[in-house]
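Every number in this text was worked out from the coordinates using simple rules, so none of it is lab data. Bear in mind that the values here come from a model prediction, so they are computed numbers and not experimental data. When we count neighbours, we look across all protein chains shown, and the Cβ atoms used for this are built from the backbone with ideal geometry, even at glycine.
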Amino acid sequence: MAAAVLLVSGCEGLGEDNPSTDARASDNPWAKPVSPPAFMTNAARSTLAVMGEQGIRRIVLASTQGAGDDWAHLNPLMRAFIRGSNLKTGFADHDGVDRTVRASGTDWTLARAVALSDRTAGCPVRAAERGTDKPGMRINRADFAGFLLEAVEKEAWIRQAPLVWNARAADPDLHLLTETERLASRRGDRPERR
């Protein structure tokens, strides 16, 4: 299956070690943006145009919680903080990506990561539409990348924008379920999810 996974619209500088994907004056996520204001939106438009020329319908994009229709679900203090900081440019760009992709007519997925971290990969990954499950606080980058690829491979989350997070490894049922899934995927099996 031909598909595009667009990482340029990754997660905006929220949380531990979470640099935004738009260029900044320094590595600090609160630093002044130096990339064009609609960098991610323009990249999404260009990608969608090439996809149309090539007949590719599937696109999975890395996004962030609080983008698009998820904005209203952010804590009011966080929204005020974003509006008063350099992060507002990145969030406006994420909103542009969200609108562009939803209007594209493609089989899109906007995977909205909670705060990214550099912690060790391999914790259970959870995803849910906003309001159907309480999200965790963060997801490590490797597990998030794995979620993006799995969404393409399994043709999952089409025309949806799930929040994605690492579940707490302290829950033995989640850990065992994940280990079972990993072993099964190595054999090519697809275990049932509980």
**OP:** Evaluate the distance, in nm, between pseudo-label points positioned 7 Å from the Cα of Ala121 and of Ala156 along their respective Cα→Cβ axes.
**Re:** 1.6
**OP:** Counting other Cβ atoms within 10 Å, keep those with at most 16, restrict to DSSP loop, and tell me which chymotrypsin sites (Phe, Trp or Tyr not before Pro) in the range 127-163 are left.
**Re:** none
